[in-house]
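Here's the structure we're looking at; comments come further down.
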Amino acid sequence: MNRVITEDPSKRTPLILGGHDFKGISDLVVKPIEAKAPKWWHIALAFSFSLLMLLLSMIGFLIWEGVGVWGLNNPVSWGFAIVNFVFWVGIGHAGTLISAILFLFRQKWRTSVNRFAEAMTIFAVICALVFPGIHVGRVWVAYFMFPIPNQMSVWPNFRSPLLWDVFAVSTYFTVSLLFWYVGLIPDLAVLRDRAKTKIKKVVYGIFAMGWTGGNRAWQNYERAYLLLAALAAPLVLSVHSIVSFDFAVSQVPGWHTTIFPPYFVAGAIFSGFAMVVTLMILARQLFGMKDIMTMHHLECMNKIILATGTMVGYAYGMEFFTAWYSGNEYEAFAFVNRAFGPYAWAYWIMVSCNVLFPQLFWFKKVRTSIPAMFVISIIVNIGMWFERFVITVTSLSRDFLPSSWGYYSPTWVDLCTFLGSFGLFFTLFLLFLKFLPMIAISEVKGVMPEAHAHDHEAKEGH
Amino acid sequence: MNWDGLMEKKDISNEEELFLFPKWTNGVPLILALSAVIGLCTVVFVFWYWFSPKNFNIGFAPEQPIEYSHELHAGQLGIDCRYCHVNVDKGPAATLPSTEICMNCHSVVKTNSKEILKIRESFSEGKKIEWEQIHRLPGYSYFDHSQHVNSGVSCVSCHGRVDLMERVYQVEPLSMGWCLECHRNPAKNIRPKKYVTDLSWKTENPEQLGKELIKKYHINPREDCSACHR
Amino acid sequence: MAISVIGEFKDPTELLKAAKQTRKAGYEAFDAHSPFPIHGMDDAMGLKGSILGWVVLCGGLTGCVAGFGLQAWVATEAYPLVISGKPLFSYQAFVPVTFEVTVLFSAFAAVFGMFGLNKLPQLYNRLFKHKSFSKKATSHGFFISIDSELSDDEVSIVEFLKSIGATNVSGVKE
């Protein structure tokens, strides 16, 4: 930590520490894959796999019994399923933001964290996709959501924001997966060339597609990566905007506001970065990646958490202002009810977790302290889950007609399903840590000072 | 190279011969890509065509507990549909005839037939005859027979020439798409109300007549979801 | 029989220099292999810009037309249904899905276009027969490979690569 404080302000913090050469970077990143998995990994995998089994059995129970096993009621017909969906999709925003937007802004520090964050994105979106998939009740007709010719002559209603969401999230998943995979190809080739057993040679070989690192291929590859980044940047902003349309396009007080798209996007980045920080702290500690995922990287991430957390706080305040300024009594009631109604407890958890705690990152001591940032990043995600809970449930539980007011509480099935989704997430994540390089090897090498060819001859020509 | 020993966890890093994929593997991706495209089209086709009631349900003719012939009763003898299906113009369900209705005639007609014996048995013991249902609508849909019959939609439009059927079978898919077809363009299925149960009725220009009757009867079939999914 | 001759270089600077010399010597079917893209290599090898952008543009336009067309067709022809009293062809509501489908098709064009231009997947490649190349090219080695249709050229290409400072020079046959 002293390094950070005594550094020369006229010099940029180096992105890679420890004086590694190109081979050293490969060795370091590939080590967890080639070495035998540590004991904690097996224990963690067994634990998350049993949570995954819990998720599967809850889904089986749900399909067998019907959605009545959930705590949904009239008027609260959207409960945990939607809350969890928005929560996981939100987390899934950090990866593509880091990969795409920071790439376009030439933020070179992204190279150490982008692979990691992209993997997290994909697994979070998989968790998110589970919930709308199962909440339709009759899951065997889930294909109604897609424009496939069918015997009912029914076509999806393209004027519904829920269908926009189907397209947005599935496009986001596909593009994130492609982006992730394209980034992996050169690294898979490293694994292929280092593999010591035939089975590894074959499996990594198939996925590396015969990459040789020829410059003719790099040229198209880099262009493809740049174009994917350019495509993914507006995509990542559109996805959570469209998720917010699920609420904003309806007429329920507290949902029907134009502030929702930017408010949701900021919240998504906020929670996604918090999740990346949580996982990064664990991974760099447990796998010894401190030279690549440096304190500088964590600090950059924390600054973004601080910025987006402040935006979210601004949105919370602005919602109240709009409700008051609109003079609409239903809108005004919705917000008074949020802060002082039956769900006030959830509202104040949300405000303190999302607005107050991240403000500690103004202090350099806090933003460069591993225990502090670990705790705050987890608090942020608790807060962000409550944000979705507050938005979904408080507005629905207070209908236009006081006669249909109600209160929603989840059942044990709701809780176990949510818990189980963490099992799915961490199972996938642990497998990723073991079998794929958690750091983009070729990209990290590309930002090292040795990677630049000192070409004096070329300058004469120009 | 050989594919044997693939699963061996042998360290191959120091072997003289390098691991190489055989040359034929370069042709595999193209084949895989083509089969993915063909596979996707097949899935869509399966849903669209093969999963359709058009394919599954038309011609469904289950064996009934009694070998009752519509061809004899409705066709040769000319008994009106409403004689047995009493509720068809009065409520949502057409209703299966009760044993008593059969006994109106069969207390005196063909009393010694083996099949009639089953009716008498049901009548004397008060036991229901377990008819097999043939025409099933898709789940969660509401259908009212009287609404249709009283608007001049003939039985034949949905059930076909039952008066020619020895054993009844399904002739139309009864799928949602099929319902919608008529709701969007009902003219050819509308006839004068008095001919609704006359299955053999024909006219020269049904489309033209249908259009006139739609005006006359004020028919305006609904196409929104809650018309059927109430 | 087609052959390739492969030679190893020390670092990115050396590789860049070698690529320039190879081009100057008149070789056309050659490539410079490195674990990461090297800045300035395209100029050194005399490569024209990638045409991938045009492929993606075509993909994006196809997606845009297909996405909008599908929605317009569904709303007005396949399943006309009045919703909240809006006209059937309410194109404003079609914007989000049109955007998503455009991005999806463009991304497919970018990835599969790149695979096509790079002739991937190509699991078998004669370059992998070169021992040093197959171990180091993707990790920390820098190589020039020169292809020729005539195996008789092998000797002269080996001579050339050695002359510009390559080590581990050897030819590989198909």
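The values are calculated or read from the model by the stated rules, or taken from the named source; none is laboratory data. Keep in mind that this is a model prediction, so the values were computed, not measured. Every residue, glycine as well, gets a Cβ built from its backbone with ideal geometry; the counts of neighbours run over all protein chains shown. The area values use the complete protein model at the heavy-atom level, side chains included, leaving out ligands, DNA and RNA. Shrake-Rupley method; radii C 1.70, N 1.55, O 1.52, S 1.80 Å.
Give me the accessible area per residue for segment A:356-422, probe 1.4 Å, as a whole number in Å².
That works out to 45 Å² for each residue.
Sticking with the crude label model, points 7 Å out along Cα→Cβ, report the distance from A:Val375 to B:Asn87 in nm, one decimal please.
Going by the 7 Å Cα→Cβ label model, 7.0 nm.
So what are the three principal axis dimensions of segment A:149-256 from its Cα atoms, in whole Å, longest to shortest?
Here the Cα extents, ordered largest to smallest, are 60, 35, 24 Å.
Suppose a student asked you for the relative contact order of segment B:26-114, using Cα pairs under 8 Å spaced at least 6 residues apart; what percent would you report?
It rounds to 10 percent for segment B:26-114.
For B:Ser154, list long-range residues whose amide hydrogen, built 1.01 Å from N in the peptide plane, is under 5 Å from its own amide hydrogen.
Correct list: B:Arg191.
For chain C, with a Gaussian network of springs between Cα atoms less than 10 Å apart, report the residue from C:Ala93, C:Ala110, C:Ala19 with the top mean-square fluctuation.
Among C:Ala93, C:Ala110, C:Ala19, the largest GNM mean-square fluctuation belongs to C:Ala93.
Would you work out what percent of the accessible area of chain A, with all protein chains in place, is carbon or sulfur (probe 1.4 Å)?
70
Round to a whole number: what % of the accessible area of segment C:1-99 belongs to carbon and sulfur, probe 1.4 Å?
Roughly 65 percent of what the probe reaches on segment C:1-99 is carbon or sulfur.
Taking the square root of 5 times each eigenvalue of the Cα gyration tensor, what semi-axes in Å does the equivalent ellipsoid of segment C:52-117 have, largest first?
Semi-axes, largest first: 30, 9, 7 Å.
What spacing in nm lies between the two simple spin-label points modelled at A:Tyr330 and A:Asn157, each 7 Å away from Cα in the Cβ direction?
Modelled inter-label distance: 1.8 nm.
Along the three principal axes, how long is segment C:93-139 when you take its alpha carbons, biggest first, rounded to the nearest angstrom?
If we take the Cα atoms of segment C:93-139, the spans are 59, 19, 12 Å.
So what is the diffusion coefficient of segment A:247-366 in µm² per second by Stokes-Einstein at 10 °C and 1.306 mPa s, using a Kirkwood Rh over Cα pairs?
98
Straight-line reach from B:Lys118: which lysines fall under 28 Å, measuring Cα to Cα and dropping same-chain residues less than 8 apart?
List returned: B:Lys110, B:Lys127, B:Lys128.
State, in square angstrom and to the nearest 100, the accessible area buried between chains C and A, both chains counted, probe radius 1.4 Å.
Chains C and A together bury approximately 5700 Å².
With helices defined as uninterrupted DSSP H runs, which ones in chain B have an alpha carbon span along their own long axis of at least 18 Å and mean Kyte-Doolittle hydropathy of at least -1.0?
Answer set is B:28-45.
List the relative contact order of chain C as a percent without decimals, with contacts defined as Cα pairs under 8 Å and 6+ residues apart.
50
Straight-line reach from C:Lys20: which aspartates and glutamates fall under 18 Å, measuring Cα to Cα and dropping same-chain residues less than 8 apart?
In chain and number order, the partners are A:Asp455, A:Glu457, A:Glu460, C:Glu8, C:Asp11, C:Glu28, C:Asp31, C:Asp42, C:Asp43, C:Asp147, C:Glu159.
Could you tell me the calculated FRET efficiency between B:Phe56 and C:Thr167, based on Cβ-Cβ distance and R0 = 60 angstrom, to the nearest 0.05?
The computed FRET efficiency comes out at 0.25.
Over the alpha-carbon set of segment A:68-212, work out the extent along each principal axis and list the three values in angstrom, largest first.
Dimensions of segment A:68-212 along the principal axes of its Cα atoms: 58, 37, 31 Å.
B:Lys110 to B:Glu125: extension gain in nm, 0.36 nm per residue of separation minus the Cα-Cα distance?
So the chain would gain 3.4 nm between B:Lys110 and B:Glu125.
Could you give me D for chain B, from Stokes-Einstein at 20 °C and 1.002 mPa s, where the hydrodynamic radius is the Kirkwood radius over C-alpha pairs? Units µm² s⁻¹, please.
95
Taking 0.36 nm per residue of sequence separation and subtracting the Cα-Cα distance, how much length would be gained by fully extending the chain between A:Leu415 and A:Met318, in nm to one decimal?
Separation in residues times 0.36 nm, less the Cα-Cα distance, equals 31.7 nm.
Would you mind checking the tilt of helix A:22-34 against the longest principal axis of the Cα atoms of chain A, expressed as 0 to 90 degrees and rounded to 10?
50
At a temperature of 10 °C and a viscosity of 1.306 mPa s, determine how fast chain C diffuses translationally according to Stokes-Einstein, using the Kirkwood radius over alpha-carbon pairs as Rh; express D in µm²/s, rounded to the nearest whole number.
81
Accessible area per residue for segment C:74-159 in Å², computed with a 1.4 Å probe and the full protein assembly in place, what is it?
Each residue of segment C:74-159 exposes 43 Å² on average to a 1.4 Å probe.
Would you mind calculating the relative contact order of chain A from Cα pairs under 8 angstrom and at least 6 residues apart, reporting the percent as a whole number?
31
What nm distance separates the two modelled labels at B:Val28 and C:Met1, each placed 7 Å from Cα along Cα→Cβ?
Going by the 7 Å Cα→Cβ label model, 2.4 nm.
Please give the contour-minus-distance gain from A:Lys196 to A:Trp405: 0.36 nm per residue of separation, less the Cα-Cα distance, rounded to one decimal in nm.
Length difference between fully extended and current span is 68.7 nm.
Provide the FRET efficiency to the nearest 0.05 for the C:Leu47-A:Tyr181 pair, computing r from the beta carbons and using R0 = 22 Å.
Calculated value: 0.35.
Cross-link partners among lysines for A:Lys23, C-alpha distance below 16 Å, same-chain residues fewer than 8 apart left out?
Cα-Cα hits under 16 Å: A:Lys31, A:Lys445, C:Lys10, C:Lys135, C:Lys136.
Quote the FRET efficiency, to the nearest 0.05, computed for B:Val46 versus C:Val95 with a Förster distance R0 of 41 Å and r equal to the Cβ-Cβ distance.
FRET efficiency, B:Val46 to C:Val95: 0.80.
Treating the Cα atoms of the protein assembly as shown as identical point scatterers in vacuum, please give the log10 of the normalised Debye intensity I(q)/I(0) at q = 0.06, 0.07 Å⁻¹, two decimals.
Here the Debye-derived log intensity ratios amount to -0.57, -0.72.
Can you pull the mean other chain C-beta count within 10 Å for peptide A:201-211?
That average works out to 6.
Pick out the long, greasy-scoring helices in chain C: whole DSSP H runs spanning 30 Å or more along their own axis by Cα, mean Kyte-Doolittle at least -1.0.
Going by DSSP H runs, the hits are C:52-73, C:95-117.
With angles folded into 0 to 90 degrees, how steeply does helix A:260-287 sit against the dominant principal axis of chain A? Use alpha carbons for both and round to 10.
50
If one takes the longest principal axis of the Cα atoms in chain A, at what angle in degrees, from 0 to 90 and to the nearest 10, does the Cα axis of helix A:80-91 lie?
30
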